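Note sheet for the following structure.
Just so it is clear, none of the values below were taken in a lab; they were calculated from the coordinates. In this text the structure is predicted, and so the values were computed from the model without any measurement. Using ideal geometry, Cβ is built from the backbone for each residue, glycine included, and neighbour counts are taken over all protein chains shown.
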Amino acid sequence: MATIQEQLIEKGVKKGLEQGLEKGLAQGVKKGLEQGLEKGLAQGQRATLYKQLQRKFGDRAEAVKGRIDAAAPAEVDTWLDRILFATTLEEVFTE
């Protein structure tokens, strides 16, 4: 039979583990939601850019779809700005 002190230590350890697990789980969920939000935003920007390119340049946009899909979010953001004033497909992607 465990002493009262041992029982208190056991309860304290158990409570500490539970709190640690809860905190770790909460942090994991938060990080997962943030990553999911970032990924969703990036996919939305890519889809928007591709749609705008199709409307402005027609079937020629298909040639750059792979480049859009592989691009970093900052690049896509730059291209979204450039498409407003570009007169050719090439102007969107060249500096």
**Request:** Could you check how many residues of region 1-54 are surrounded by fewer than 10 Cβ atoms within 10 Å (Cβ to Cβ), assigned to a helix (DSSP H, G or I) and among the β-branched types (Val, Ile, Thr)?
**Result:** 1
**Request:** State whether the residues of region 82-93 include one that is surrounded by fewer than 12 Cβ atoms within 10 Å (Cβ to Cβ), out of contact with any helix residue (DSSP H, G or I) (no Cβ under 7 Å at 6 or more places or on another chain) and among the β-branched types (Val, Ile, Thr).
**Result:** yes
**Request:** Kindly indicate whether residue 66 is small (Gly, Ala, Ser), part of a helix (DSSP H, G or I), out of contact with any helix residue (DSSP H, G or I) (no Cβ under 8 Å at 6 or more places or on another chain) and surrounded by 10 or more Cβ atoms within 10 Å (Cβ to Cβ).
**Result:** no
**Complete:** Going through region 2-58 in order, the residues found to be of a type in the set (Val, Ile, Thr) and either within 30 Å of residue 90 (Cβ to Cβ) or touching a residue at least 40 places away in the same chain (Cβ under 8 Å) (or both) are 48
**Message:** Based on this model, can you work out whether residue 74 counts as assigned to a helix (DSSP H, G or I), under 30 Å from residue 88 (Cα atoms) and free of Cβ contacts under 8 Å to residues at least 12 places away in the same chain?
**Reply:** yes
